[in-house]
Amino acid sequence: LNTTSTVSSYETMSFVPVKVGDYIKKFKDLLGKKYKKINSNDLVVKTSDGAGMDIETTIMSNYPEVKSSGSDGSVKITYNCKPAASKLEVVLDTQSKFTSKLETTSLADGLTVTGNIAAIPTHLASKKLGSELGLEAAYKKDAVTTSAKVSLTTSSADKLFDLKEQKKICLEGALSAGVAKGVSVGMDFSAEKDAGLKKWGLGTNVASGALNFGIYSSQLKDLTTGFLYSCSKKTSFGAQGKFSEKDAKKNADIGIGVQHQFNDITLLQGKTELSLSKGEKDFESAVSYGAVMEYAIPDMSSKLQLTSTVSAKGSKFGILCTYGDK
């Protein structure tokens with residue numbers, strides 16, 4: 001009996017591969033998850049009825065240079081129905097944008113089906129922001145993770161259900177396989193009606209002990225890679241590089257970040273980012289620095305986050321206070 005082969009096969013089959021979209025997520029989180037784009041100071045209040053209903057209210061005090069200067073806000077309502085293995089999420093903001101998402105895992109073991117709708121008012125609609133109807137299915141089984149999404153996009157909410165209105169139909173798909181314990185390889189793509197295959201990519205993710213490494217290439221042209229290393233339970237550091245070519249210019253964006261959890265209530269993150277661009281006759285470079293201090297206040301069930309970024313364009317400071325964040 002070859003016990004070595006049996007154990008190796010079992011470990012491979014029991015390993016759930018990382019989704020393609022998450023191949024470089026861990027160090028992207030370290031370099032950017034807590035670094036919100038500083039355009040406002042935010043107050044977030046979270047409440048729960050203890051029976052599956054959660055409400056999150058956000059009030060943003062925008063900076064003067066932001067187009068929608070003044071105050072904005074949003075309300076997010078989430079309802080978890082455990083008997084139906086489903087979750088409903090609804091978001092409405094002060095600009096009358098409305099989004100809703102319904103997710104269920106009750107149809108089959110390992111299958112998650114999500115339907116979504118985004119209603120964007122006419123005055124906010126643009127090429128990058130439109131109303132959408134979408135349906136997505138994600139499936140995990142043994143050493144395979146796969147997903148597919150179909151979406152219909154139109155210019156604004158009032159035309160979303162107009163049968164005569166020309167809609168953009170998009171199909172997205174991804175497949176990731178665990179080829180060994182801790183090793184995921186996969187591909188993803190997106191295609192549009194009348195335009196055919198728009199983009200595709202290949203990548204891999206390797207997780208081994210304290211080290212996590214990932215690499216992803218879009219159409220074998222743009223390349224993003226990075227690693228995250230956990231020195232201890234409290235300290236980790238990582239780096240990420242993105243290399244691309246556009247309009248006869250070669251671009252490189254390199255970031256290095258570190259995170260340290262001082263204790264149960266205080267966390268500090270720091271990062272440095274370098275952007276390089278080289279054309280036929282010119283060369284440009286830019287450096288930016290950032291820091292995040294997060295302080296939890298257990299007695300008030302709240303969290304205070306202070307963020308600062310410094311670059312050649314100037315410095316910014318943002319405050320995010322979350323009440324009810326346990």
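The values are calculated or read from the model by the stated rules, or taken from the named source; none is laboratory data. None of the values given here were measured: they were computed from a predicted structure. In this analysis, Cβ positions are derived from the backbone assuming ideal geometry, glycine residues included, and neighbour counts consider all displayed protein chains. All accessible areas refer to the heavy atoms of the entire protein, side chains included, with ligands and DNA or RNA removed. Shrake-Rupley method; radii C 1.70, N 1.55, O 1.52, S 1.80 Å.
For the cross-link pairs Lys221/Lys242; Lys242/Lys278; Lys28/Lys76, which exceed 20 Å when the distance is taken from alpha carbon to alpha carbon?
Beyond 20 Å between Cα atoms: Lys28/Lys76.
Tell me, what is the percent relative contact order of the range 171-310, built from C-alpha pairs under 8 Å that lie six or more residues apart?
In percent, rounded to a whole number, it is 11.
Rounded to the nearest 500 deg cm²/dmol, what is the calculated helix-only ellipticity per residue at 222 nm for the chain, with -39500 (n - 2.57) per DSSP H run of length n ≥ 4?
For the chain, the value works out to -1500 deg cm²/dmol.
Please list the equivalent ellipsoid semi-axes of the chain, computed as the square roots of five times the alpha-carbon gyration tensor eigenvalues, in descending order and whole angstrom.
31, 29, 26
For a quick check of your reading of the filter: which GluC sites (Glu not before Pro) in the range 245-280 sit in a DSSP loop and have no more than 13 other Cβ atoms within 10 Å?
Filter output for the range 245-280: Glu280.
Report the accessible area of Phe262, computed with a 1.4 Å probe over the heavy atoms of all protein chains in place, in Å² rounded to the nearest 10.
The accessible area of Phe262 comes to roughly 100 Å².
Give Lys36/Lys168; Lys199/Lys246; Lys271/Lys316 a once-over and call out the pairs whose C-alpha atoms are over 20 Å from each other.
Lys36/Lys168
In whole percent, and with a 1.4 Å probe on the protein chains, what portion of the accessible area of the chain is carbon and sulfur?
Carbon-and-sulfur percentage of accessible area, whole number: 59.
Straight distance only, please: which aspartates and glutamates reach the Cα of Lys233 with their own Cα at less than 13 Å, same-chain residues fewer than 8 apart left out?
Counting by Cα, and skipping residues close in sequence, Lys233 has these aspartates and glutamates nearby: Asp264.
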